[in-house]
Every structure is written in structure tokens, then in C-alpha cells.
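Okay, structure first, notes after.
The values are calculated or read from the model by the stated rules, or taken from the named source; none is laboratory data. Bear in mind that the values here come from a model prediction, so they are computed numbers and not experimental data. Virtual Cβ from ideal backbone geometry, glycine too; neighbours counted across all protein chains shown.
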Amino acid sequence: MIEGFQNPGLAIGAALCVVPLIIHLLNRQRHRPQRWAAMRFVLAAYKKTRRQVQLENLLLLLLRMLAVAALAFAIARPFASGDSPLAALREERRDLVLIIDGSASTGYREEVETVFERIVGRAAALIDELDESRGDRVRMVFAGETPRSYPMMGPGEAASILETLESPMDESMDLAAAIADVSAAISDDLAGGVSSAVDVRLLTDLQASSFAAATGRSPGATAASGEDDQAAQPLALAEELEILDTLEVRVVVEDLGTRTMRPDNLSVESIGILGEPPRAGVPFEVAVSIANHGDKDLLAERIALSISGERLPSQRVDISAQGTAEAIFTAEIPVAGHHALTASLEGDRLGVDDERSLVVLLPEPLEVLVVNGAPAERLDEDEVGFLLAVLEPPDDSLGGQGVSPFAVRVISPAELASSDAPIEDADVIVLANVPSVPASAAARMEARVAAGAGLFITVGDRMGDLDQWSENLQRDDDTGLLPAKLQRRVAAARRTTYYRVTSFDEDSPGLFYFTDEKRRPLLTEVPFYEFVAAIPAPGARVLASFDDSAGSPLLVERSYGSGKVLLWTSSIDPAWNRVPDSGKTFVPLVLELLQNLRSPDDGDRTVGVGDDVTVIVDEFPRDASLVRPSGGQQPIEGDAIERADQRWTLPALAGNLFNEVGVYEVRAQGALSEPIAVQLDNGESDLARATPAEVEAIHPALVVAELSPDGKTADAGLSQPRRGEIWRWLAMAALLFLVGESLFGAYIGRRRGATS
């Protein structure tokens with residue numbers, strides 16, 4: 001029978017049906033019988049018709065009470081389930097939930113229309129089947145990385161919104177998140193007492209990568225998600241489908257993709273820099289990887305590379321079926337700064353993955369301030385002679401480029417005490433065997449390093465009393481610049497013994513070059529004859545250690561504010577070790593240590609769709625705005641924040657601004673534009689499709705429907721109504737009771753008048 005009410009509080013109004021009975025009883029008590037002579041003739045006649053009159057009055061009273069009760073129940077809106085005896089009287093109102101696959105893969109164009117246009121057309125046809133006068137409603141979920149949900153609305157309003165969906169998003173579809181959104185909405189409706197037939201449809205291209213983790217199929221080597229994410233996805237999807245299953249709701253999956261199980265498609269899979277990081281004015285190599293996702297070998301496919309809009313000569317490559325190929329370009333950028341590299345293919349049926357961009361930073365030369373504590377005429381006797389040979393190479397070194405990533409200025413220890421010493425302009429400061437560090441210079445260096453600069457300290461025989469030397473660089477609480485407390489000078493008998501590096505931190509960027517087994521001896525076999533024993537300060541990292549009995553550190557690193565300090569406990573010249581004599585050791589060691597000592601934080605400029613972006617610029621960004629790849633422009637709200645390194649951080653750019661693949665630009669008055677590259681998830685390029693059996697094997701709540709020639713789904717796929725309302729029938733019954741009471745009352749009145 002009736003299972004419940006949408007407005008249970010109003011069902012109490014059914015008690016008002018006793019009002020006619022009360023009125024009837026009160027009217028009987030109001031009249032007192034008075035006997036008089038002629039009354040016996042009336043009583044005699046009444047006795048003959050009493051039973052008929054009582055029956056007529058009882059029927060009138062019953063009609064009035066039923067009318068009041070039916071009206072009260074109608075207002076309370078009762079509902080019944082499918083197995084109720086009242087099931088035939090249930091309302092036929094439907095709630096249609098459309099999960100529209102808005103992933104980038106649905107942009108695949110087949111003949112005239114794209115798959116996405118076909119999906120939108122099918123959604124419009126389903127909405128047209130609804131009856132707004134009956135109370136049918138539509139909820140739409142635009143499924144991407146994050147589902148975009150529209151609330152329940154009438155079919156007319158839903159059709160208007162559907163017309164605004166012109167193209168898919170440059171995202172992949174998180175099916176579990178979309179199902180979770182639907183199950184939460186249906187649960188909320190049930191909790192609120194809303195009950196109707198629910199028809200959930202997933203309109204999709206059935207891309208295998210959307211179901212791959214749940215079906216156990218690999219989405220392919222080009223998928224961007226990691227194995228851990230893939231392992232977690234099926235569990236999440238199954239859990240959300242289980243919730244729908246407990247609500248007796250199924251998801252009807254309509255396959256609106258191509259009829260080919262693996263459509264042909266080419267994509268730019270990756271773009272990267274080969275070798276050392278690029279520098280301004282120095283040629284560098286760019287590797288572009290192209291993936292063939294189809295089942296046919298492709299020959300002489302053209303690939304091009306553009307740098308900040310300037311196109312390089314294109315190349316042609318052959319790509320085997322479901323394989324990859326690589327094209328190597330040689331590029332040269334004369335100006336330092338951020339630059340966008342864009343690799344592009346000739347257009348195919350899925351255009352969104354035919355381009356991929358990468359933002360590279362060509363840094364300005366590092367400003368290196370070298371304080372030479374022991375200058376000399378001869379190169380091998382000068383404390384920084386070998387160091388300067390690396391930082392300021394002759395034209396025939398460093399691969400013949402004649403370009404150095406460093407801008408070097410050398411001063412004496414006496415100049416370090418001067419207020420004119422360019423400490424604030426330095427990116428890296430080198431203290432090489434400096435006899436003493438004045439307090440004023442130490443304070444300025446502390447401020448500069450805390451703002452993001454690097455400090456490289458090497459020891460030597462000019463340093464004298466180590467405690468006195470450390471006085472201005474180290475406090476009693478170990479909060480000064482020195483990353484270790486200097487103890488004593490340790491020397492080996494040069495002719496018979498020496499020290500070697502026994503271990504080093506292979507995770508340190510400055511020493512990564514030596515992690516290769518062939519290069520390891522270049523660091524671990526070099527003789528060290530003297531060093532200064534040191535005890536690392538709290539928070540410091542020992543990057544390399546000697547093989548002496550105490551395991552004394554050679555290289556100690558500690559962060560200081562936004563910068564870093566490195567302590568090399570031996571000399572930087574050949575006096576205490578043979579490192580400078582070995583170019584294969586000394587050159588990469590100096591280059592890597594100094595370049596990684598000052599690694600400016602510029603924020604990640606190459607991101608995925610929907611990622612947040614932080615932009616750091618050298619000059620104050622006046623009237624900054626963000627320009628989209630399609631040309632749209634919008635101002636960046638908020639104020640830029642000045643950093644300790646005298647640069648500026650723009651207000652955080654939220655991920656919802658970056659929903660389009662391509663190169664964005666941050667523009668400001670009087671400043672160069674700053675590019676941001678947004679890349680597509682590689683998984684969207686593999687258009688291989690899942691089979692209906694694989695999809696249905698995920699969970700019984702998923703039902704793949706076959707479309708008939710007219711584009712409609714078989715009725716067998718529809719979800720059945722959970723509960724239906726019967727209030728209209730009760731309202732009609734109340735009206736019939738009132739009409740019946742009126743007609744019956746009029747009939748009785750006429751008949752009794754005729755017989756009186």
C-alpha cells in the first residue's frame with residue numbers, strides 16, 4: 001500500500017475528516033424534542049422512512065469525510081513502490097541524469113561531426129522525450145577531470161544549457177568522480193523525500209583509458225597517470241557504483257564513439273631538452289617524440305618545431321603501428337629568459353594532441369663574486385687560478401662555444417670590507433682561503449644569502465686561528481653562515497699516505513655527474529693531502545666524506561633562509577689536493593656545484609590542464625593580465641608580492657584558468673611576456689575503445705545499451721522507478737467525493753421536498 005509521504009506532517013490533516021461528524025453530532029444535541037398533538041402523525045410517517053433517511057444521511061456524512069481525508073492525503077503526497085497494490089496508480093514522472101563525456105578524446109572528428117557533437121545530439125534527443133508538464137526533470141554532469149554538475153531543472157532549461165556545450169574539454173574523464181557526484185545527488189533526493197523514476201545515462205566514446213584501470217587493461221605507454229593511480233581507480237569506481245546499486249539505480253552506458261575499435265591517431269607525446277640546460281646564444285638540442293596510436297605504419301610524417309613563434313625547418317619521420325619515433329632539432333635562442341617551444345604535427349581527426357609546448361628557462365649568467373685570499377702571478381699558485389679558468393673559459397673550451405654561464409668579478413679580502421663590495425649584486429659568493437671576514441661583510445652576506453644567493457667557502461693556509469676566523473660567520477647557537485664548526489687542520493704524509501673521498505650523496509644535484517660508475521673514480525680516487533676537520537651544524541647535510549678514521553666531511557651543505565651555503569674543507573687550489581689538476585674532475589665539479597648552489601625559484605611554467613601556477617618575475621608586474629591560447633585576455637586580480645631576492649611573485653593563478661591546451665602569456669606594462677605551457681594528458685591520445693563485455697564486467701550497475709537505427713536505447717536498459725507518487729489520484733478522488741456529495745444532497749433535498 002502507501003509506503004510514506006513526501007510531506008508527512010501534512011498527513012495529519014486527514015484527521016479533519018471527523019469534522020463533518022462532529023458538526024452532525026452537535027446539530028443533533030442543539031434540538032430538544034417537544035411533543036405536541038399533531039406530531040404523532042409526523043412520527044408515524046417518520047417511522048416508515050427512518051431507515052432510508054438514516055442511510056441517506058450516513059452516505060452524505062461519509063462522502064464529506066472521505067473528501068476531506070482524500071484532500072489531506074493528496075497534499076501530503078503519498079508514494080508507493082513497484083510491488084504495492086497501488087503501483088498502477090503511481091505517477092510516471094522521470095528524473096533523467098545525463099553524464100556527458102567531455103574528455104578531449106571526444107573531439108575526434110568522424111566524417112562531418114565530432115564524437116562530442118554526436119553525444120550532445122543524443123543528449124538533446126533524450127531531453128526531448130521528457131514531458132515538462134508532467135514534472136520531468138534533468139540533471140546534467142559534464143564529466144572531465146572534475147565533474148561540472150548542473151542542478152535538477154526542467155527539460156526546457158536543460159536543452160538551453162545543452163546548446164552552449166560546443167566542444168569538449170582538454171581533459172581526461174574521471175568516471176569515478178562523475179559517478180560519485182550522481183550517487184550523492186540521488187541520495188540527497190531520497191533523504192529529502194523526493195521520489196521519482198531515475199534514468200542515469202553515460203554518453204561516452206567508450207575510450208579504453210577511461211575504463212582501463214577497472215577492466216585491467218593498460219591504457220598504454222602514453223598514459224600520464226602512474227601505476228599507483230591506476231591501481232586505486234577501479235576500487236573507487238566500484239565503490240561508487242556499489243552505492244548506486246544499493247539505490248536500485250543502474251548506469252546505462254551509451255556508446256557514441258567510432259565503430260573502429262582502435263581509431264588512427266598521431267600525437268606529440270613529449271618534448272624535451274637533450275644534454276645540459278640551454279643557455280642564451282648556445283645551440284642546444286630538442287627531442288620531440290611522436291606516437292602512432294593506430295594499427296597502420298605511417299611514413300614520412302611531418303613534424304615542426306617553433307620557438308616563441310618562430311618556426312624551424314620541419315622534419316619527416318616514419319612511425320610504426322602503435323609505436324613512437326623521435327625527431328631531433330637544433331635550436332639557438334639569443335636572449336635569456338623563459339621561452340616557449342612548440343612541436344606540431346600536420347592536423348588529423350583529433351587536433352587537440354597535434355601540438356605540445358614546453359617552457360624552457362635560459363638563465364642570465366650567474367653573477368659570481370670571488371674573494372681571492374691568496375692571489376699570485378702563476379696560475380698554479382693563485383688560490384682561484386684554476387677556478388677562474390673554469391668560470392671564465394677561453395674560446396676553445398666548453399665545447400668550443402666560448403660562452404660561460406657565469407659573470408665573474410674578483411676582489412681582494414681588503415675590498416670585502418668596503419661598503420662598495422658588490423655583495424648585494426652577487427648570485428654566488430666564493431670565499432677562497434680568505435684570512436678573515438669582517439663583521440660588516442658577514443652581516444651583508446647573511447642578508448644576501450637569506451634572500452636566495454649561494455655562498456661557497458673553501459679553506460686554506462691563510463685562515464690562521466680557526467676559532468677567530470669563524471667568529472663572524474658562526475654564533476654560539478650555530479645560527480651563522482658556516483654549516484659546520486671548524487676544528488683543526490689535518491695533514492697526511494704526502495709521500496706515503498693521502499685521503500680519498502669514500503662516500504658522497506648521490507642524490508645531490510651538484511654531485512650527480514659522478515654517480516655513473518665510469519665517472520665515480522674521478523671523485524673517489526683523487527688524492528687529498530690536507531683538510532680541516534669539521535663538525536656539521538644542526539640541519540646541515542654532509543655531501544661527501546673522507547676515508548679517515550673519523551669519516552671527516554669534505555663537503556657540507558646547509559640552507560640559510562632562501563639560499564644555501566657550501567663548505568669545502570680543503571683548498572680550491574692544488575696546494576692541499578690534486579682535484580684542480582684533474583680537469584675531468586674539477587670542471588664538472590665546479591660547474592655543477594655553483595650552478596646548483598644558486599637555483600632560482602621561477603615556478604613551474606609547464607603544467608597540466610587544471611594545475612595551479614605561480615609566476616615569479618624580475619620586475620614589478622604593472623597591470624598584469626593573462627592571455628589565453630585562443631586570444632582571450634583577462635586581468636590578474638590582486639597585488640604582486642616582493643620577494644627577498646628583489647623579484648616579484650604574482651597572485652596565484654588558479655587551475656580553472658588553465659583549462660585549454662597551449663601557450664598562455666602573462667603580460668604586464670613595460671615587461672617581457674612570460675609564457676606558460678599547458679599540456680594535454682597523453683592518455684587522451686590513445687583512442688582504443690573498450691568492449692561492452694569489459695565495461696559490464698566492472699560492476700552489475702553498468703549496463704551497455706545498444707542503439708537502434710533511430711538512435712534510441714532499448715527499453716531493457718532503463719532504470720525502473722524506485723517509488724511513485726499517487727497524489728493526483730487522491731486529489732481527483734477528493735473532487736469526485738465533493739461532487740458526489742453535492743449531487744446526492746441535491747437529490748435527497750428534491751425527493752424529500754416532493755414527499756413532504
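Annotations for the structure displayed:
- When Ser742, Ser685 are screened for being at pLDDT below 90 and among the polar types (S, T, N, Q), only Ser742 passes.
- If you go through the stretch 444-498 and keep only what is part of a helix (DSSP H, G or I) and closer than 19 Å to Gly373 by Cα, you end up with Arg444, Met445, Asp461, Arg462, Met463, Leu466, Asp467, Gln468, Trp469, Ser470.
- Remark: Ser571 falls outside the filter, which requires a residue to be of a type outside the set (Lys, Arg), surrounded by fewer than 21 Cβ atoms within 10 Å (Cβ to Cβ) and assigned by TED's automatic domain parsing to the domain that holds Asp505.
- Test: residue in the stretch 589-611 that is out of contact with any Phe, Trp or Tyr (no Cβ under 9 Å at 6 or more places or on another chain), among the small types (Gly, Ala, Ser) and farther than 24 Å from Val360 by Cα: no
- Yes/no for Ala644 being farther than 30 Å from Tyr498 by Cα and touching a Pro at 6+ places or on another chain (Cβ under 6 Å): no
- Residue list for the stretch 253-273, filter: surrounded by fewer than 21 Cβ atoms within 10 Å (Cβ to Cβ) and assigned to a strand (DSSP E or B): Asp255, Ser270, Gly272, Ile273
Here is a yes/no grid of residues against (1) in contact (Cβ under 8 Å) with a residue 40 or more places away in the chain; (2) more than 20 Å from the chain's Cα centre (by Cα); (3) assigned to a loop (DSSP other than H, G, I, E, B):
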position: Phe142; (1), (2), (3): yes, no, no
position: Ile161; (1), (2), (3): no, yes, no
position: Met169; (1), (2), (3): yes, no, yes
position: Ala178; (1), (2), (3): yes, no, no
position: Val182; (1), (2), (3): yes, yes, no
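- Filter pass, Ile641 being touching a Phe, Trp or Tyr at 6+ places or on another chain (Cβ under 8 Å) and touching a residue at least 60 places away in the same chain (Cβ under 8 Å): no
- Total residues in the stretch 401-420 satisfying the condition of being of a type in the set (A, V, I, L, M, F, W, C), touching a helix residue (DSSP H, G or I) at 6+ places or on another chain (Cβ under 8 Å) and surrounded by fewer than 23 Cβ atoms within 10 Å (Cβ to Cβ): the figure is 4.
- Candidates are the residues of the stretch 274-290 that are assigned to a strand (DSSP E or B) and touching a Leu at 6+ places or on another chain (Cβ under 9 Å); the one that is surrounded by the most Cβ atoms within 10 Å (Cβ to Cβ) is Val288.
- In the stretch 436-456, the residues that are under 17 Å from Leu566 (Cβ atoms) and assigned by TED's automatic domain parsing to the domain that holds Glu415 form Cβ pairs under 8 Å with partners that are in a strand (DSSP E or B) and aromatic (Phe, Trp, Tyr), at six or more places apart or across chains, as follows: Glu446/Tyr560; Val449/Tyr560; Ala450/Tyr560; Leu455/Tyr560; Phe456/Trp568.
- In the set Gly583, Gly561, only one residue is farther than 21 Å from Ala493 by Cα, surrounded by fewer than 17 Cβ atoms within 10 Å (Cβ to Cβ) and free of Cβ contacts under 8 Å to residues at least 40 places away in the same chain; that residue is Gly583.
Per-residue answers, yes or no, for (1) of a type outside the set (S, T, N, Q); (2) buried (at least 18 other Cβ atoms within 10 Å of the Cβ); (3) under 30 Å from Met463 (Cα atoms); (4) not assigned by TED's automatic domain parsing to the domain that holds Leu591:
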position: Arg302; (1), (2), (3), (4): yes, no, no, yes
position: Ile307; (1), (2), (3), (4): yes, no, no, yes
position: Ser314; (1), (2), (3), (4): no, no, no, yes
position: Ala343; (1), (2), (3), (4): yes, yes, no, yes
position: Asp348; (1), (2), (3), (4): yes, no, no, yes
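- Counted residues, the stretch 98-136 - those being in contact with a Leu (Cβ under 7 Å, 6 or more places away or on another chain) and in a strand (DSSP E or B): 4
- Residues in the stretch 144-159 that are touching a residue at least 24 places away in the same chain (Cβ under 8 Å) and either under 27 Å from the mean Cα position of the chain (by Cα) or under 18 Å from Val253 (Cβ atoms) (or both): Gly144, Glu145, Thr146, Pro147, Arg148, Ser149, Met152.
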